[in-house]
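Inspection log for the structure reproduced underneath, given as structure tokens.
Derivation of every value follows stated rules applied to the coordinates shown; laboratory data play no part. None of these values were measured; they are calculated from a predicted model. In this analysis, Cβ positions are derived from the backbone assuming ideal geometry, glycine residues included, and neighbour counts consider all displayed protein chains.
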Amino acid sequence: MKTVGQRIKEKRKALGFTQGDLSDRNLSRGMISLIERDQTTPSIKTLEHIAIKLGVPTSELLGESLSAAEKQANIHMDIVEIKRIINLCKALMKAGKYSNINQILQNIILPNDLSFYNGPIKKILGLVEIENLHYKNAIELLNESLLYYSPMEGKNYISLYYYLSECYKKTKNYHLAIENSLYGSILLKSKHYEDDVLLQLKILYNLAYCYCRISEYKKGLEVIEESFHLMKKSQLLYAQGYFYMLKGIAELYLMRFSEGIVSTRKALELLEDKKDSKESIGCLTNLGILYRNVKKYDDSLLYLEKSLISAEELKHNGLFLNNLYEMMLTYYKVKNYALLESCAERALLISSSSPDIKTKVLIVLAQSKLDQGMDGEALTYINQAEKISKEINDTCLEAKSCTIKANILSNQKQFEEANRLLQKSNHLLMNMSCFKND
């Protein structure tokens, strides 16, 4: 017959817990080890404490058997059992052990008078889905969870809006991410919950990020400044490097290039421990673009080269390809056509999976050939660019292709066709502008 210690050890291992996961300030890891090795007899109070963490009745650890009918009835849990299971799942999540949570929660049937516990249960299941990167499933569960919470439940309620904003951000539904971030932010700014600065900063980051993703850069900057003010006031620093990176991007698109350089250099400094990350590479690329816009072309090429090397080491084809394209733009500014073509040649070899970048590369190549008076080669490149832009339904790139092609044809005295292409380009851009306004 198994001892109490053996049952505790068996249940703990089945759940994937370590002795450290069960320990806390009231129960040391050493004491748990002694209990499991049957070198000490735990009190009933200690057993109850362990049972809660393991999500089982104390009777199970004592070896008191339940009949099949009692086990089936146990599915319909009372409030003590529900709290015990929820605490267990929270402990599993804290320990990073997600695999057993669905199994633990799937058979719970709540009586009507305890249905409000569906809120925390659905929330836990939603957070597990986030960990598994199943964001659409998580959104469904978190929205269900909201139905069982009320605003009076404070941070638990508000955190749901944060997790929803995170899921919508991950699925690129930026407008709904903004909507949920705003709900959470407004509630947190009330006098009852304003002390949870970390949650507020997380929500503000999502809000700023999503504003920038939909080209609302001024709103993004306002949120970033609010975040910096909150960090200063609370003395709590959170994701500063990412905030400065976002600030630099917003300033780039708002054509505040000098400010963008300062922000992006600050981001690089703060992201020093992530030197070879996508974020750090992105900062180097952005610095190359910013320096190009203030006509510091040597600095532009320096940072773009650093970014290119890092992207190659990371084996990130998308970042590598984008850097080659940005280097082409800087070489175009200094009229170094030989190095421009060298970058283009490398880019075209690896651009099959990125038709948008390939089209941009062909457009720059066509423009450089046109500038050099090589109309035939320019026409070849721009025809390819026009074809791909139509295939991928990119209105902006198609309009650019039409404009350059019109200039080539104008050089060749084909004025009627050139005018038709210019009109087409204008029409495409006008339609795109109307669509954005809608």
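Where in the chain lies the longest segment free of GluC sites (Glu not before Pro) that are both loop residues by DSSP (not H, G, I, E, B) and have at most 15 other Cβ atoms within 10 Å?
Value returned for the longest uninterrupted segment is 195-438.
How far is helix 355-371 tilted, in degrees, relative to the longest principal axis of the Cα atoms in the chain, given as a value from 0 to 90 rounded to the nearest 10?
20
Between LEU110 and SER23, what length comes free when the chain is fully extended (0.36 nm per residue of separation minus the Cα-Cα distance, one decimal in nm)?
28.4 nm
Residue by residue through the range 87-94, which ³J(HN,Hα) values in whole Hz follow from phi under the Karplus form 6.51 cos²θ - 1.76 cosθ + 1.60 (θ = phi - 60°), with glycine and proline marked x?
Once θ is set to phi - 60°, the couplings for the range 87-94 become 4, 4, 5, 5, 5, 4, 5, 4 Hz.
Rounded to the nearest 0.05, what FRET efficiency is calculated for LYS274 and LEU133 with R0 set to 25 Å and r the Cβ-Cβ distance?
About 0.75, to the nearest 0.05.
Please give the length that would be gained between GLU416 and GLN6 if that part of the chain were fully extended, namely 0.36 nm times their separation in residues minus their C-alpha to C-alpha distance (nm, one decimal).
138.6 nm
Can you tell me how much longer the chain between ILE79 and ASN317 gets when fully stretched, taken as 0.36 nm per residue apart minus their C-alpha distance, in nm with one decimal?
Extra length available between ILE79 and ASN317 comes to 80.3 nm.
Could you state the angle between the C-alpha long axis of helix 297-314 and the longest principal axis of the C-alpha atoms of the chain, as a value from 0 to 90 degrees rounded to the nearest 10?
40
Of LEU221, GLN19, LEU271, which is farthest towards the positive pole of the chain's charge dipole, taken about the Cα centre with +1 and -1 on the beta-carbons of Lys, Arg and Asp, Glu respectively?
Result: GLN19, furthest along the dipole toward the positive end.
How much net charge surrounds GLN414 when only the other residues with a Cβ under 15 Å from the Cβ of GLN414 are counted, with Lys and Arg +1 and Asp and Glu -1?
Here the charged neighbours net out to +1.
What does the charge count around ILE357 come to, taking other residues whose C-beta lies under 15 Å from its C-beta (Lys +1, Arg +1, Asp -1, Glu -1)?
-1
Collect residues whose amide H, placed 1.01 Å from N in the peptide plane, falls under 5 Å from the amide H of ALA239; neighbours closer than 5 in sequence don't count.
none
What distance in nm lies between label points placed 7 Å from Cα along the C-beta direction at ARG213 and SER342?
So the label points at ARG213 and SER342 sit 3.8 nm apart.
Write out the trypsin sites (Lys or Arg not before Pro) in the range 4-53 meeting two conditions: DSSP loop, and at most 11 other Cβ atoms within 10 Å of their Cβ.
ARG25
Say we join alpha carbon atoms closer than 10 Å with springs in a Gaussian network model of the chain; which of GLY318, GLY288, GLY241 then has the biggest fluctuation?
Comparing GLY318, GLY288, GLY241 in a Gaussian network model of the chain, the most mobile one is GLY318.
Give the Debye-formula value of log10 I(q)/I(0) at each listed q (0.17 Å⁻¹), with one equal scatterer per alpha carbon of the range 166-323, two decimals each.
-1.02
Expressed as a fraction of 2.2 N^0.38 Å, the rule-of-thumb size for a compact globular protein of N residues, what is the C-alpha radius of gyration of the range 239-352?
Computed over Cα atoms of the range 239-352, the ratio equals 1.02.
For the Cα atoms of the chain, what angle does the longest principal axis make with the long axis of helix 278-293, in degrees from 0 to 90, nearest 10?
The angle comes out at about 30 degrees.
Over 22 Å between Cα atoms, which of LYS94/LYS202; LYS315/LYS369; LYS9/LYS123 qualify?
Correct reply: LYS315/LYS369; LYS9/LYS123.
Could you derive backbone 3J(HN,Hα) for the range 115-131 from the dihedral phi with the Karplus parameters 6.51, -1.76 and 1.60 (θ = phi - 60°), listing whole Hz in sequence and x where the residue is Gly or Pro?
5, 5, 6, 4, x, x, 5, 5, 5, 4, 5, x, 5, 5, 5, 4, 4
Is the shape of the range 354-438 rounded, prolate or oblate, going by the alpha carbon gyration tensor and its root eigenvalues a ≥ b ≥ c, with a/c under 1.5 for rounded and a/b larger than b/c for prolate?
oblate
Output needed: percent of Cα pairs per 10 Å distance bin for the chain, bins running from 0 to the one holding the longest distance.
In whole percents, the pair-distance histogram is 4, 15, 20, 20, 15, 12, 8, 4, 2, 0.
Tell me, what HN-Hα J-couplings in whole Hz come from the Karplus equation 6.51 cos²θ - 1.76 cosθ + 1.60 at θ = phi - 60° for each residue of the range 154-160, using x for Gly and Pro?
Calculated HN-Hα couplings, in order: x, 5, 4, 5, 5, 4, 4 Hz.
The range 336-378 to the range 17-67: how many Å between their Cα centroids?
Each part reduced to its Cα centre gives a spacing of 69 Å.
Any idea what the relative contact order of the chain is, in percent, if you count C-alpha pairs under 8 Å spaced at least 6 apart?
5
Report, largest value first, the span of the C-alpha coordinates of the range 192-239 along each principal axis, in whole Å.
31, 19, 18
According to a simple spin-label model (label point 7 Å from Cα along Cα-to-Cβ), what is the distance in nm between MET255 and GLU60?
Label-label distance for GLU60 and MET255, simple model: 6.7 nm.
Put +1 on the Cβ of every Lys and Arg and -1 on every Asp and Glu Cβ in the chain; which of SER310, ALA91, LEU321 then has its Cα farthest towards the positive end of the dipole?
Towards the positive end, the residue furthest out is ALA91.
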